[in-house]
1. What tally of residues in segment A:148-161 results from selecting those that are at pLDDT 80 or above and more than 9 Å from every other protein chain (Cβ to nearest Cβ)?
2. Taking the condition of being surrounded by 14 or more Cβ atoms within 10 Å (Cβ to Cβ), without any contact (Cβ under 8 Å) to a residue 12 or more places away in the chain and assigned to a helix (DSSP H, G or I), how many residues in segment B:44-72 meet it?
3. Tell me the helices (runs of 4 or more DSSP H) entirely within segment A:162-261 that contain at least 3 residues that are modelled with pLDDT of 90 or more.
4. Spot the failing condition for residue B:253; the list is (1) buried (at least 23 other Cβ atoms within 10 Å of the Cβ); (2) over 27 Å from residue B:307 (Cα atoms), and only one is missed.
5. Which condition breaks for residue A:150 when tested against (1) farther than 23 Å from residue A:333 by Cα; (2) outside any helix (DSSP H, G or I)?
6. How many residues, within segment B:145-168, are touching a residue at least 60 places away in the same chain (Cβ under 8 Å) and facing chain A (nearest Cβ under 7 Å)?
7. Looking at A:302, A:270, A:288, which is the one that is surrounded by 24 or more Cβ atoms within 10 Å (Cβ to Cβ), touching a helix residue (DSSP H, G or I) at 6+ places or on another chain (Cβ under 7 Å) and not in a helix (DSSP H, G or I)?
8. Got a sec? Which of B:266, B:202, B:222, B:189 is closer than 26 Å to residue B:328 by Cα and buried (at least 23 other Cβ atoms within 10 Å of the Cβ)?
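The values are calculated or read from the model by the stated rules, or taken from the named source; none is laboratory data. Remember, it's a predicted structure, so these values are computed and weren't measured experimentally. Note: ideal-geometry Cβ built from the backbone for every residue, glycine included; neighbour counts use all protein chains shown.
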């Protein structure tokens, strides 16, 4: 990473040295490993690390501990996928909209996916993950287009406030409509209320395995978008002057973001604030170069989600506080701070 | 929406007079329509009562023993719909004008979310039923609004910060509601869901009395403070030059609007979009640059009553809570309004 053509020259001085960033990335990878181990070991039934290693070497379904470990491993995998997907999606959305408040939850994208999934379950009788992930994509895409188009009409284009308000309004509408569907169907309601909080509990292998390829594909695609996002961050005119096909770059980024949000929502339900948190934190560390922001958020997302999941299991013993709730409780104060102490146009 | 205002001097007075009389006519027509909807909603049910009998029973004349059904069984529900709808409409109109954005109604900026969270905690975690739940909802809305106001305050309150802080609070409160729903057993959770949608079922005279009394207190204050809205819409500097005490006016208006939304939500639950649609519809009907507070309240009452009629009688097999209908009607209208307001540059 010696060549720096994609970086805005005026901002280059703020970027830390490459070796320091690489070391930070390695440190984060270790942190991901650490929270993953914590995710397997900590819970209502604490498990010795040695037992966990035994299960890894010779898995025996007859031993209760080993089953618990297997369940928690799937849960941790789900957390890794969801965190990576939502963290990257937040960065991508902030990149294309140049909006510091862009977050899959705040802009209603996750609510759109959630509403589509509820419709799929209640109205079309879809039960498999592979069946409703397409509904999730469609819902996420529809809301993304509506919110962005509506938010960018009129004077000043897509200002942060207009887009955020459009997202909040569309979310309010979708929540009301979701409730309307749920009231007609108590079986769906009973399943759905555990899903709508945004939780990693009880996500079994049959749900996670078919959705994992979507997340992985989205992650890989996202990591290649750094250069395009760097160009976009200079504004449309400069970007096309640099030879970037602006419309194409936007469209591809948006599709990747929608795939990431849709599959994350299909796994865990609507989770807010991961994208917002991760994107700001990553930018704080790396400076404005998206080629560093993207890998950082790929690792920060899982750390955040898994840490929140473990925290939820620790503070509400013997029950648990779902990860979506922990993140909302942490994320809303962060958003309020952001609104109070940062100039909104700053990005 | 403010339409073209004719400013040629000789015609100003005439134009203004026309606007004012139009607003009056609109209010009268809305009142008549609201009364008609109320009569229809009272007349329909398991026993259908002819409209003339309904009107006679309403004015105290017992026609064929129908007055018990009319006054004891059906009228409370209809009256609660009218009162709550009017309160929501008025509250929405004040917020929208104050923040100068038609999207800033109490349901979207998180205030009714506070009522919901408090009510669901009361219903599911504490196990309360009936009036205490309403009280909790009222307190929840007020507390949320106060929190939003305090968190927004930074040498004054600006519209966009109010909205964004409201959105953040709303997110937090929604997650509390979802958490409570997962904790409860499925029947309790369903009951809570009906409350969360907003329902007029099982409303009695005691609800009418409580809601009526609180509105009798708040509405005059709201209308009185409403005279500051027009100068405030012109911008802070102009308003100050016109002698409006800025922060005091804003504070008073917010308190009135929040109290209205809280009272209505406590009575019927957070019925979606009534507060949101009433203001813009009323403005369009009444025309002119005014804020149209009275027409907004009347539109709110009409929307609520008609939605409840549809929710109760339009589907043969099921009776929906009223909030389902207002949501289905309100959501497309919201999208259209979002598009229009942004295009004319009033979206923020």
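1. Number satisfying all stated conditions: 1.
2. 2
3. A:205-223, A:226-232
4. It fails just one condition, (1).
5. (2)
6. Summing the residues that are touching a residue at least 60 places away in the same chain (Cβ under 8 Å) and facing chain A (nearest Cβ under 7 Å) in segment B:145-168 gives 2.
7. Criteria check complete, one pass: A:270.
8. Only one candidate passes the filter, namely B:266.
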